[in-house]
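J.: Below you will find the structure I want to go over with you.
Where a number appears in this text, it was derived from the coordinates with a stated rule and is not lab data. Since we're looking at a predicted model, the values are computed, not measured. Ideal geometry is used to build each Cβ from the backbone, glycine not excepted, and the neighbour counts take in all protein chains shown.
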Amino acid sequence: MTTTASSVQAARWPVALELLAVLGALTVVALNLTVTTWWICLVGYVLGAVVTVVFAALYRSIRAARRSKIFRPSPGLDRVVTVVMVVGVAAGIACAYLLATEVAKW
């Protein structure tokens, strides 16, 4: 298949926002290793487990809506979305654990 100027590619902005959310969640996990507060844990959980999955789903729905004869799929970007989502959910689970232990101290 030849690429033309009119070919349609997958949207990249949901992937970038998903990556930023995961980096934020991982930063929160790193911060919680030194100073643990419940609201920081909650922010990390929301960024990692919720926002990451929302942006991955948004990327996949935009990709599915753009499928046509001139659509150029990007399997590399699909893998990045999957890996980043798994890392984000893992960071969200870590933040959920830290949040649960912090709430248990009350």
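J.: Using +1 at the Cβ of each Lys and Arg and -1 at the Cβ of each Asp and Glu in the chain, identify which of Gln9, Leu19, Trp38 lies farthest towards the dipole's positive end.
T.: The residue sitting farthest along the positive end of the dipole is Gln9.
J.: Between Arg79 and Leu31, what FRET efficiency follows from the Cβ-Cβ distance if R0 is 41 Å, with the result rounded to 0.05? Walk me through the intermediate numbers first.
T.: On the way: r = 29 Å, r/R0 = 0.70.
Computed FRET efficiency for Arg79 and Leu31 comes out at 0.90.
J.: Still on this structure, I have one more. So which DSSP H runs in the chain come out at 30 Å plus along the axis (Cα) with average Kyte-Doolittle of at least 0.0?
T.: Working: long enough: 75-104 (43 Å, 1.59).
Passing helices, by number: 75-104.
J.: Is there a quick way to get the dipole size of the chain? I mean about its Cα centre, with the Cβ of Lys and Arg at +1 and of Asp and Glu at -1; what is the value in debye to the nearest 20?
T.: Working: 9 positive and 3 negative charges, 120 e Å.
The calculated dipole for the chain is roughly 580 debye.
J.: Right, here's the next one. Take the Cα pairs of the chain, get the Kirkwood Rh, then feed it into Stokes-Einstein at 4 °C and 1.567 mPa s and tell me D in µm²/s.
T.: Rounded to a whole number, D works out at 87 µm²/s.
J.: Between the DSSP loop rule and a limit of at most 15 other Cβ atoms within 10 Å, which trypsin sites (Lys or Arg not before Pro) in region 59-97 are left?
T.: Details: sites: Arg60, Arg63, Arg66, Arg67, Lys69, Arg79; in loops: Arg66, Arg67, Lys69.
Filter output for region 59-97: Arg66, Arg67, Lys69.
J.: Which listed residue (Ser74, Val28, Gly92) has the Cα farthest towards the positive end of the charge dipole for the chain, taking +1 on Lys and Arg C-beta and -1 on Asp and Glu C-beta about the Cα centre?
T.: The listed residue farthest towards the positive side: Ser74.
J.: Quick query: amide H of Phe71 versus all other amide H atoms, modeled in the peptide plane; which residues come in under 5 Å with a sequence gap of 5 or more or a different chain?
T.: HN-HN under 5 Å from Phe71: Val8.
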